[in-house]
Every structure is written in structure tokens, then in C-alpha cells.
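Heads up: the structure comes next, in C-alpha cells.
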Amino acid sequence: MAGAASAADLTVGFSQIGSESGWRAAETSVTKQEAEKRKVDLKFADAQQKQENQIKALRGFIAQGVDAIFIAPVVETGWDTVLQEAKDAEIPVILLDRGVKASPDLYMTVVASDQVHEGKVAGDWLVKDVGDKTCNVVELQGTTGSSPAINRKKGFEDAIASHANIKITRSQTGDFTRAKGKEVMEGFLKAENGGKNICALYAHNDDMAVGAIQAIKEAGLKPGTDIKVVSIDAVPDIFQAMAAGEANATVELTPNMAGPAFDALEKFKADGTLPPKQIITESKLYTQADDPMKVYEEKKGLGY
Ligand code: GZL
């Protein structure tokens, strides 16, 4: 259509949290590919997990006069002022993969999974797996104050609420990283009779689960058998662990939040159509029954 803004005319500032997990690295590479495909000029800023760096990056994008801002907000709170500054500069903001506690008129849309549902799917799998056996669960939470950590905890607790035989006995943040996941799991194992009192691990992402699997093995126990392992993201390495019988289930999170975000932005720029306030991506359960090495081969090399 004559005069319709094509993506090629757009400059988008992207404030990314960092590279704390394989999934985050995949999201970054997919976002850059999506921008490339659409000939969008993407200004990328890595915040190294710090909110103040994201706020600084957003102010830089506003000063540059970008056409739009994408941000994966590291935590839910503390965004009102800088989002208002973007709104005052008439620069639309799209949230990727995490939500914020701010007035919805301060951002165009959030492209993310239903994180409560992800936690519920993980919990439902464990409920089905353990039946009426007593099961003490340890939980590795994501980054404190982040929407996935809050929501995935809620979803899992909803799933086990009516099953008195399943209880979360220890819960601590592993900040979505392998190293922290391993370290915190080592503490859980020590505190729980060398792990003999632990029936299952629920990790808010696969990277923490992979770190914890290492700790379980070093404690002389069999992950996937002595301690069941359920997590979220569906990164390649969790499928390798599943194929080795060391992990049991994961809930897939697509790393392609940018595709729907760019689509919404292009439509808005072309004819002013606003997207819904939430664009929810699919979640899919994978278990050892899903030919894990085949899935691993399909996923590796996709930027993880
Ligand atoms: C969830 C996303 C989480 C991933 C982690 O939408 O924000 O952040 O599950 C990542 O791997 O660190």
C-alpha cells in the first residue's frame, strides 16, 4: 500500500536482560534474525541482569528517537517513570517474555507465555507421576521479583494444592542460572539427609535443572529416578538429560517473542491498528516418551 511503513523503515531499540540462560541466548539470536529478515535497524543493549542498565538503555533509545522499544523486563516493578518518558516521546513499547506491574497504557502489548499455566503443566505432570505416594519437592525459583518466577510458582502450587501427599519443602532462587541452580541444590541435598528426603525437583527453568542434576549426581543419587526433575523452557540440553534418564519433563517456551512483536508493530505503523494488550505464546509438555534425542537434534543450533 503506498506510504505504508514497511519494517525496513523502522529503528527498534531492544533492551535485553542479559545471557543468564540458554533460552535467553536463543531469544536474543531469534530477535536479531527476525529484525534482519524484516530489515529493521535493531539497536541492541545487554543489561547484564541489572534493571538500572535497562532504564539507562531505554533513555538512550528515547534520546535517539527510535521508532519503537522492545524490552524483556528483568523484574516486574520500577518501570512507571521510564515508560511514561517513552509514552511522552510517543515511542511505543512492547514487552517481551516478561510482564510489568505498571499501567497497561504505558506499553503497547506484552508478548509472553502464560507463565501460571506453565507452572500448572509442570505440577500436573508431577501429580500424575507420583500418584498417592508421599513426595517432598524442592523448588529452584527464577529471578526474585520477575514475572516468570512469581507466576510459575503460583501455577505449580495450584496444581499440587489438592494433593496433600505432595509438598514443597524447600524453595529458593537460583536466578535462572546453571551455576546458582547447582549451588542451591547442593544446599538442599545437604539439608535433606543427603537428598534421601527429596522426591522431586521443580526448577523454573531448564538451566537451573541442569545445574541441579550435576549436584544430584555428585551426591551419589540418580537424577530422574531417585529425584524426579521437572522444569520449563525446553532447551536442547534438557533433552540430552532426558535421553540419559536424568530429567523427566519440561514445558516448552518459544524463544521467538520478537516475531509477533514485529508483526504487531508493523501493523500499527501501517494503519494504526493496536494489538491486544497480551499476545500469549504456546506452551507444550515434553517427557522422556517424546524421543528426546530427536528433539535435541531439531533444537540445537537454533541459537541456544
Ligand atoms: C520466561 C523467561 C525466563 C526463562 C529463563 O519467559 O523470562 O528467563 O524461562 C530466562 O530461561 O532466564
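The values are calculated or read from the model by the stated rules, or taken from the named source; none is laboratory data. Remember, predicted model here, so these are calculated numbers, not experimental data. FYI the Cβ positions are ideal-geometry reconstructions off the backbone, even for glycines, and counts take in every protein chain you see. For accessibility, only protein heavy atoms count, side chains too; no ligands or nucleic acids. Shrake-Rupley method; radii C 1.70, N 1.55, O 1.52, S 1.80 Å.
What number, in percent, do you get for the relative contact order of the chain if the mean sequence gap of Cα pairs under 8 Å and at least 6 apart is divided by its residue count?
Relative contact order here is 19 percent.
For segment 97-147, just say rounded, prolate or oblate: build the C-alpha gyration tensor, square-root its eigenvalues into a ≥ b ≥ c, call rounded for a/c under 1.5, and beyond that prolate if a/b exceeds b/c, oblate if not.
Prolate, because a/c is 1.5 or more and a/b exceeds b/c.
Which percent, to the nearest 5, of DSSP beta bridges fully inside the chain are antiparallel?
If we restrict to bridges inside the chain, about 10 percent are antiparallel.
What are the equivalent ellipsoid semi-axes of segment 147-304, built from the alpha-carbon gyration tensor (square roots of five times its eigenvalues), in whole angstrom, biggest first?
33, 19, 14
Please identify the GluC sites (Glu not before Pro) of segment 24-101 that satisfy two criteria: DSSP loop assignment and at most 12 other Cβ atoms within 10 Å. Which are they?
For GluC sites (Glu not before Pro) across segment 24-101 that sit outside H, G, I, E and B with at most 12 neighbouring Cβ atoms in 10 Å, the list reads Glu90.
Once the Cα atoms of helix 22-37 and of the chain are each reduced to a long axis, what angle between those two axes, in degrees from 0 to 90 to the nearest 10, is obtained?
30
Find the relative contact order for segment 116-186 and round it to a whole percent, using C-alpha pairs within less than 8 Å whose residues are 6+ positions apart.
Worked out over segment 116-186, it gives 43 percent.
Just the number, please: carbon plus sulfur as a percent of the accessible area of segment 46-88, 1.4 Å probe, no ligands or DNA/RNA counted.
Exposed carbon and sulfur together represent 48 percent of the surface.
For the charge dipole of segment 12-64, defined by +1 on Lys and Arg C-beta atoms and -1 on Asp and Glu C-beta atoms about the Cα centroid, which residue among Thr31, Ile17, Leu42 has the Cα displaced farthest towards the positive pole?
My answer, from the dipole projection, is Leu42.
Once you have the alpha carbon radius of gyration of segment 121-214, what is it after dividing by 2.2 N^0.38 Å, with N set to its residue count?
This ratio for segment 121-214 stands at 1.00.
Given H placed on each backbone N at 1.01 Å, which residues far from Ser113 in sequence or on other chains put an amide H within less than 5 Å of it?
Thr281
So what is log10(I(q)/I(0)) for the chain at q = 0.11, 0.15 1/Å, when the Debye sum runs over its Cα atoms only?
Values, matching the q order: -0.66, -1.09.
Stokes-Einstein diffusion coefficient for segment 186-250 at 4 °C in a medium of 1.567 mPa s, Rh from the Kirkwood formula over Cα pairs: what value in µm²/s?
Rounded to a whole number, D works out at 115 µm²/s.
Once both axes come from the Cα atoms, what is the angle between helix 258-271 and the longest principal axis of the chain, in degrees from 0 to 90, rounded to 10?
20
Tell me the relative contact order for segment 204-304 as a rounded percent, counting alpha carbon contacts under 8 Å between residues six or more apart.
Worked out over segment 204-304, it gives 29 percent.
Taking 0.36 nm per intervening residue step and subtracting the Cα-Cα distance, what contour gain separates Lys154 from Asp114 on full extension?
Answer, rounded to one decimal: 13.2 nm.
Normalised radius of gyration for segment 206-286, please: alpha carbon Rg relative to 2.2 N^0.38 Å, two decimal places.
Dividing the Cα radius of gyration by 2.2 N^0.38 Å gives 1.58.
Report, in deg cm²/dmol and to the nearest 500, the calculated mean residue ellipticity at 222 nm for the chain, where each DSSP H run with n ≥ 4 adds -39500 (n - 2.57) and the sum is divided by the residue count.
-13000 deg cm²/dmol
Can you tell which of Pro260, Ser147, Leu274 lies farthest toward the positive end of the dipole of the chain, using +1 and -1 charges on the Cβ of basic and acidic side chains (Lys, Arg; Asp, Glu)?
The one lying farthest along the dipole's positive direction is Ser147.
With the Cα gyration tensor of segment 37-107 in hand, give its eigenvalues times 5 under a square root as the equivalent ellipsoid semi-axes, listed largest first in whole angstrom.
17, 15, 12
In the P(r) worked out for segment 60-157, what percent of Cα pairs fall beyond 19 Å?
That fraction is 51 percent.
Could you provide, to the nearest whole Å², the per residue accessible area of segment 1-119 with probe 1.4 Å?
Per residue, segment 1-119 has 40 Å² of solvent-accessible surface.
Expressed as cubic angstrom per residue, what is the convex hull volume of the alpha carbon set of segment 13-72?
Dividing the Cα hull volume of segment 13-72 by its residues yields 60 Å³.
Work out, step by step, the length gained on full extension between Glu192 and Gln48: first 0.36 nm times the residue separation, then minus their alpha carbon distance; give nm to one decimal.
Full-extension gain reported as 48.5 nm.
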